[in-house]
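The values are calculated or read from the model by the stated rules, or taken from the named source; none is laboratory data. It should be emphasised that the depicted structure is a prediction, and the values quoted were computed from it without experimental measurement. Note that each Cβ is placed from the backbone with ideal geometry, even for glycine, and that neighbours are counted across all protein chains shown. Protein only, heavy atoms only, side chains kept; ligands, DNA and RNA dropped before computing areas. Shrake-Rupley method; radii C 1.70, N 1.55, O 1.52, S 1.80 Å.
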Amino acid sequence: QVQLEESGGELVQAGGSLRLSCAASGRTFSSYAMGWFRQAPGKERTFVATISPSGNTPYYADSVKGRFTISRDNAKNTVYLQMNSLKPEDTANYYCAARAGALNVYSNNYPYWGQGTQVTVSS
């Protein structure tokens, strides 16, 4: 069982930066792949980024590639999402998720989810 808590979301101007954090409970964090997903009002939840349990392999949605960076600190049981060059279309509730094993881009393959943190990018 893994419990996740996101933080760091706020209102920011277009072109700005934010770093989201997701703190995980449990002693087996380093065996879980972690993912970030987002959901805008009236839209489906979509994949943003994922990272392997070791942290050596990240993978990104095309819409954020080159602007967002996912990383993790297994000693702190925390995964991060550094978001640069933010655009209004990045506005969404951002969720972190965990799954045992390899990284994955499909939300249905993640059994553990946080409550989300709101990111709003003004134009």
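Within the range 22-33, the set of residues being closer than 20 Å to T57 by Cβ and either at pLDDT 95 or above or not β-branched (V, I, T) (or both) comprises C22, A24, F29, S30, S31, Y32, A33. The test for being basic (K, R) and modelled with pLDDT of 95 or more holds for R45.
Among the residues that make up the range 34-51, is at least one of them buried (at least 16 other Cβ atoms within 10 Å of the Cβ), without any contact (Cβ under 8 Å) to a residue 40 or more places away in the chain and among the hydrophobic types (A, V, I, L, M, F, W, C)? Don't jump to the end; show me each part of the working.
Just the residues of the range 34-51 that are buried (at least 16 other Cβ atoms within 10 Å of the Cβ), to begin with: 34-38, 45, 47-51.
Retained after the next criterion (residues that are without any contact (Cβ under 8 Å) to a residue 40 or more places away in the chain): 49.
Applying the additional criterion that residues be among the hydrophobic types (A, V, I, L, M, F, W, C) yields 49.
Taking every residue of the range 34-51 in turn, at least one turns out to be buried (at least 16 other Cβ atoms within 10 Å of the Cβ), without any contact (Cβ under 8 Å) to a residue 40 or more places away in the chain and among the hydrophobic types (A, V, I, L, M, F, W, C).
So in the range 98-123, with the set limited to residues that are among the aliphatic types (A, V, I, L, M) and in a strand (DSSP E or B), which one is farthest from S54 (Cα to Cα)? Give the steps one after another, and end with the answer.
Step one: of the range 98-123, the residues among the aliphatic types (A, V, I, L, M) are 98, 100, 102-103, 105, 119, 121.
Narrowing further to those that are in a strand (DSSP E or B): 98, 100, 119, 121.
Numbers: A98: 13, A100: 12, V119: 27, V121: 31 Å.
Looking at the filtered set, the residue picked out is V121.
Scanning the range 62-74 for residues that are closer than 20 Å to Y112 by Cβ and either assigned to a loop (DSSP other than H, G, I, E, B) or open to solvent by less than 30 Å² (accessible area, probe 1.4 Å) (or both) yields I70, N74.
Checking G55, G9, G15 one by one, the residue that is in contact (Cβ under 8 Å) with a residue 40 or more places away in the chain, in a loop (DSSP other than H, G, I, E, B) and surrounded by 14 or more Cβ atoms within 10 Å (Cβ to Cβ) is G9 and no other. Within the range 86-97, residues that are part of a strand (DSSP E or B) sit with their Cβ atoms under 6 Å from residues that are open to solvent by 30 Å² or more (accessible area, probe 1.4 Å) and of a type in the set (S, T, N, Q), at 6+ positions apart or across chains, in these pairs: A92/Q39; N93/Q39; N93/Q118.
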